[in-house]
Amino acid sequence: MKFSSKFAELPSLESACLAVGVFDGGKLTEPARMLDQASRGQLAGLVKSGAFTGRLGQSLMLFQISGVAAERVLLVGLGKQDEFTLRTYRKAVHACVQALLDGGVKHAALTLGMLNVPHTDAYARARHAVECAADAAYRFEQCKSRPEKPKPMLHEISLLVSGRDERGAAERGIRHGSAIAEGVALAKDLGNLPPNICTPGYLANEARKLGRGTKLKVTVLEEAHMKKLGMGALLAVSSGSSQPAKLIIMEYRGGPKNAKPQVLVGKGITFDSGGISIKPTAAMDEMKFDMCGAASVFGALKAAMRMQLKLNLVGIVPTSENLPDGKAVKPADIVRTMSGLTVEILNTDAEGRLILCDALTYAQRFKPAAIVDMATLTGACVIALGNVVSGLFGNDETLVKELWNAGEQADDRAWHMPLYDDYQDGLKSNFADFANVAGREGGAITAACYLSRFTKNMRWAHLDIAGTAWKSGAEKGATGRPVPLLVQYLLDRA
Ligand code: BES
Ligand code: MN
Ligand code: ZN
């Protein structure tokens with residue numbers, strides 16, 4: 001899909017379809033009012049008849065509106081005007097593009113970006129429009145022998161702006177939006193792939209692919225190397241799998257040579273059966289999404305490279321399967337982590353923190369400006385926060401604020417969760433330095449507590465994306481979150 005910005009007289013604009021917004025209660029937006037005037041009240045009449053109320057998500061395709069040059073006009077519901085926010089703007093754009101796709105439109109012009117959306121400018125409105133359009137048009141049909149949904153015919157979208165002076169900002173928004181959309185699509189694709197294809201080795205090859213022809217330096221450490229480094233926790237997880245674990249390191253140097261890098265670490269469990277502490281059968285298939293943290297590292301790096309961000313960035317992905325086997329790690333096994341600390345593995349299903357702790361220790365060699373890990377870490381986080389926000393933890397208040405802010409701006413929200421020392425007690429072990437699990441209560445927090453023991457002298461934050469990285473049910477699929485949050489965070493630092 002191609003995007004461009006445009007400043008034009010609306011009634012005389014030649015387009016296959018011109019989309020205009022209507023607020024709940026039938027209040028026409030300014031662009032809609034201009035078309036209404038040109039058509040001598042056709043739109044207002046339609047709204048008055050009750051055929052279109054302006055409810056958020058509603059859309060209505062109109063043909064041959066007199067006085068309007070565009071072949072079709074699409075009315076888009078925006079919801080209540082006094083509740084119009086970035087969030088509802090994005091929902092409206094999504095519904096709009098969905099209707100354009102359903103209507104088989106090839107070229108469309110959108111006027112929603114001309115509206116006043118609180119806390120946005122022309123840049124942000126264009127960027128979010130591109131992100132949402134790409135989201136609506138996303139398909140994952142690589143594994144179907146013939147495509148189910150028709151191929152998107154929508155090739156070109158013009159984003160209208162209110163003044164000539166807004167075009168520069170809108171064009172920049174389009175560039176950034178396209179880069180983010182590419183990163184999100186990559187994260188979705190990797191997440192959606194079946195676990196027999198998307199193995200640790202596959203992810204390693206994806207990293208090499210991402211690096212090809214770019215200045216991204218990709219290194220893949222094999223198990224022998226991990227053993228030398230003393231990564232006993234990571235290796236314990238992979239011991240039950242015939243797929244060897246990999247530690248993928250991707251270095252992007254876009255900033256000054258000596259500038260400390262931002263380091264992103266992503267959990268890459270390509271399938272989590274629970275191991276010997278095996279999971280129940282129901283929805284176990286969804287544990288192919290247990291590498292979505294890793295996928296978000298790939299996605300954020302891809303977007304950062306597309307944007308040529310002027311900063312140094314390192315992506316680290318520990319990746320493994322978690323399976324039961326004669327060689328698998330058992331409850332009560334004690335391993336030594338790369339940090340030197342020993343861990344009693346009381347539950348083999350708490351494997352994410354085991355692969356992450358060694359990756360976090362390894363990350364220290366890059367002398368990070370900050371380190372952020374993303375992980376589908378706990379079911380408890382889904383219980384606490386549902387599927388709306390990601391859990392946000394950290395040992396540095398500024399860093400946590402920066403990430404929270406990025407989530408708001410990117411409409412990819414996270415919510416700050418506590419990490420008080422009192423929660424650490426649950427990890428006590430009678431036999432090792434500590435255990436890998438605490439009790440059922442506050443499970444997302446005690447998981448973060450476990451990670452915090454490996455990041456003592458670094459600015460560190462952790463995003464538990466167990467509830468946000470994919471959708472279940474009829475719309476089952478990866479969301480690409482938290483790529484938008486991460487890219488916003490990086491943009492703000494570059
Ligand atoms: N990958 C899971 C977390 C998960 C479960 C995410 C369900 C989304 C939906 C993780 O490895 C896990 O199994 N965590 C355990 C931790 C427990 C054993 C302390 C959990 O949440 O049950
Ligand atoms: Mn698990
Ligand atoms: Zn897991």
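The values are calculated or read from the model by the stated rules, or taken from the named source; none is laboratory data. In this text, all values refer to a predicted model and were calculated from it rather than measured experimentally. Don't worry about glycine lacking a Cβ; one is built from the backbone with ideal geometry, like all the others, and counts go over all protein chains shown. When the accessible area is computed, the model is the full protein with side chains, heavy atoms only, and any ligands, DNA or RNA have been set aside. Shrake-Rupley method; radii C 1.70, N 1.55, O 1.52, S 1.80 Å.
For the range 1-122, the average shadow cast by the Cα convex hull is 6.8 nm², which is a quarter of the hull's surface.
Would you mind calculating the gained length between Met1 and Met61 on full extension (0.36 nm times residue separation, minus the Cα-Cα distance), in nm to one decimal? Let's see the in-between values first.
On the way: separation 60, 0.36 × 60 = 21.60 nm, distance 2.08 nm.
Stretched fully, the Met1-Met61 segment lengthens by 19.5 nm.
Looking at the range 162-267, the GluC sites (Glu not before Pro) that sit in a DSSP loop and have at most 16 other Cβ atoms within 10 Å of their own Cβ are Glu222. For the range 386-484, the list of trypsin sites (Lys or Arg not before Pro) that fall in a loop by DSSP and count at most 15 other C-beta atoms within 10 angstrom reads Lys428, Arg440, Lys456, Lys476.
Between Arg146 and Thr219, how high is the FRET efficiency from 1/(1 + (r/R0)^6) when r is the Cβ-Cβ distance and R₀ = 45 Å? Nearest 0.05. Let's see the in-between values first.
Numbers: r = 40 Å, r/R0 = 0.88.
The calculated FRET efficiency here is 0.70.
Global dimensions of the range 154-301 from alpha-carbon coordinates: Rg and Dmax equal 19.4, 63 Å. Solvent exposure of the chain, expressed per residue, is 42 Å² of accessible area, with all protein chains present and a 1.4 angstrom probe.
P(r) tail for the range 251-310, what percent of Cα pairs lie past 16 Å? Display every interim value, and only then the final one.
Numbers: 1016 of 1770 pairs.
Tail fraction, whole percent: 57.
A Förster distance of 30 Å, applied to the separation of the beta-carbon atoms of Ser49 and Thr281, puts the FRET efficiency at 0.05.
Cα centroid separation, the range 295-364 to the range 427-494: 11 Å.
Calculated on the Cα set of the chain, radius of gyration then Dmax: 24.3, 82 Å.
Between Lys209 and Glu30, what is the FRET efficiency for a Förster distance of 51 Å, r being their Cβ-Cβ separation, to the nearest 0.05? Before the final figure, lay out the partial values.
Numbers: r = 46 Å, r/R0 = 0.91.
Computed FRET efficiency for Lys209 and Glu30 comes out at 0.65.
What number do you get for the range 72-216 when its Cα radius of gyration is normalised by 2.2 N^0.38 Å, N = residues? Walk me through the numbers before you get to the answer.
Numbers: Rg = 17.6 Å, N = 145, 2.2 N^0.38 = 14.6 Å.
Output field value: 1.21.
Short to long, the 10 Å bins of the Cα pair-distance histogram for the range 412-493 hold 15, 36, 32, 16, 2 percent of all pairs. For Glu408, put the label point 7 Å out on the Cα→Cβ axis and report which residues of the range 72-109 keep their amide N under 15 Å from it. Within reach of a label on Glu408, which here means backbone N under 15 Å from a point 7 Å along Cα→Cβ, the range 72-109 contributes 85-87. For the chain, the carbon plus sulfur part of the accessible surface works out to 50%, probe radius 1.4 Å.
Loop-located trypsin sites (Lys or Arg not before Pro) across the range 177-228 with a Cβ neighbour count of 11 or fewer within 10 Å are Arg212, Lys215, with loop assigned by DSSP.
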